[in-house]
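> Dumping the structure here so I can ask a few things about it.
The values are calculated or read from the model by the stated rules, or taken from the named source; none is laboratory data. None of the values given here were measured: they were computed from a predicted structure. Every residue, glycine as well, gets a Cβ built from its backbone with ideal geometry; the counts of neighbours run over all protein chains shown.
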């Protein structure tokens, strides 16, 4: 009963505030829209033609200038009222929502289950929303809360406020998000790279910005100059090894000798298989391997900029740089310092989860390449969204290089070939072959293709 009364009180307060502010706003808006008032002398002149020869234009001009000043003041007041109305509406909404949350039983109803999660993953019936989390973490509130623009209304933004972005799925990992935002403002950031990446792969992306200084290696060594950096192993001192099992590049390269199965297990060994990738020497009697040279020749020098999705240690970007093509490499640090390694080689890393929308404008990139990462471990619907996002950022005539896509043999015909054909791309290269590294009995297949986006649809 008490909660119902509280809701009614808040609703009444909201209606009272809104109606009063709207009335004032309308009144001032009418004043500004009607503009200046006509003077008595002007009215007299309009009714008596004989007075027109003696009309005081200087007086009229003076009144118009005064009225213009009043109008500017009125417009400023209207703008302030608009901002006050927005603030009042937001505050009232928050009060009403919080009242609703407090009156919700321990078992959330169907209408609320998408907005609330257990505060403690292991036990509890306590529930918390992202909005409530802001009241717990002052720093999270500082980031997420609406900020008024210093110059008030912006016609470019069509708003008087700015909102900082945060991934909607942060709502599902609030407890970890609160840990991430628990730091000393202006001090060193916690050594929590693992926590940050865990949030990202659980959909909390983009992460909120933080007002602290990222931790760096104590004995940091500057990278080698280019082109030496492209094929020289970086120094161990350039890496913060805390989040990783291995604490040196030697350890990373030794994993393949210990029976460890991990994707890209030999990616850090630059004088090994990495040295052969995407060159004419990589061809091992298979049609699945294409060289950078033969792909670039297909477009007669119009491949200039692009993206490698899930590009390991960025050997593809390095090979493209050797041909004056700029490639950005997206990667996560999956038990290894991939992003740091990419940067130390002298190419650009992009710390991005595969499920995140590509941060490029429409129809801009010349080429998008992906090896292995776009394969059947991704839900089919998610893969379809990714493919259409790739199409969005590729320019007309751009190249999508699908490199060693793998799946089960039945999946290829039933699911994936229809999905790739849906793009309507021209097949410049297309090859299908068996994937045998885990045994022939698994019936796995590879697909490699170079596809050209149509100039028009």
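> Testing residue 377 on (1) part of a loop (DSSP other than H, G, I, E, B); (2) surrounded by 20 or more Cβ atoms within 10 Å (Cβ to Cβ); (3) more than 20 Å from the chain's Cα centre (by Cα), one condition comes back false. Which one is that?
(2)
> Which of the residues that make up segment 202-214 are over 18 Å from residue 144 (Cα atoms) and either in the same structural domain as residue 244 (by TED's automatic domain parsing) or loosely packed, with under 14 Cβ neighbours inside 10 Å (or both)?
Matches in segment 202-214: 213, 214.
> Continuing with this model, one more query. Return yes when residue 186 is in contact with a helix residue (DSSP H, G or I) (Cβ under 6 Å, 6 or more places away or on another chain), outside the structural domain of residue 320 (by TED's automatic domain parsing) and assigned to a loop (DSSP other than H, G, I, E, B) and no when it is not.
In short, no.
> Name the residues in segment 199-220 that are touching a helix residue (DSSP H, G or I) at 6+ places or on another chain (Cβ under 7 Å), farther than 18 Å from residue 137 by Cβ and in a helix (DSSP H, G or I), would you?
none
> Take the residues of segment 421-457 that are farther than 14 Å from residue 287 by Cα and crowded, with 19+ Cβ neighbours inside 10 Å: which is modelled with the lowest pLDDT?
If we take residues in segment 421-457 being farther than 14 Å from residue 287 by Cα and crowded, with 19+ Cβ neighbours inside 10 Å, then 444 is modelled with the lowest pLDDT.
> Residues of segment 341-374 being buried (at least 21 other Cβ atoms within 10 Å of the Cβ) and within 16 Å of residue 315 (Cβ to Cβ), which ones?
Matches in segment 341-374: 341, 342, 344, 345, 347, 349, 367, 369, 370, 371, 373.
> Select from segment 182-194 the residues that are under 22 Å from residue 355 (Cβ atoms) and surrounded by 16 or more Cβ atoms within 10 Å (Cβ to Cβ) and list them in ascending order.
The answer is 192, 193.
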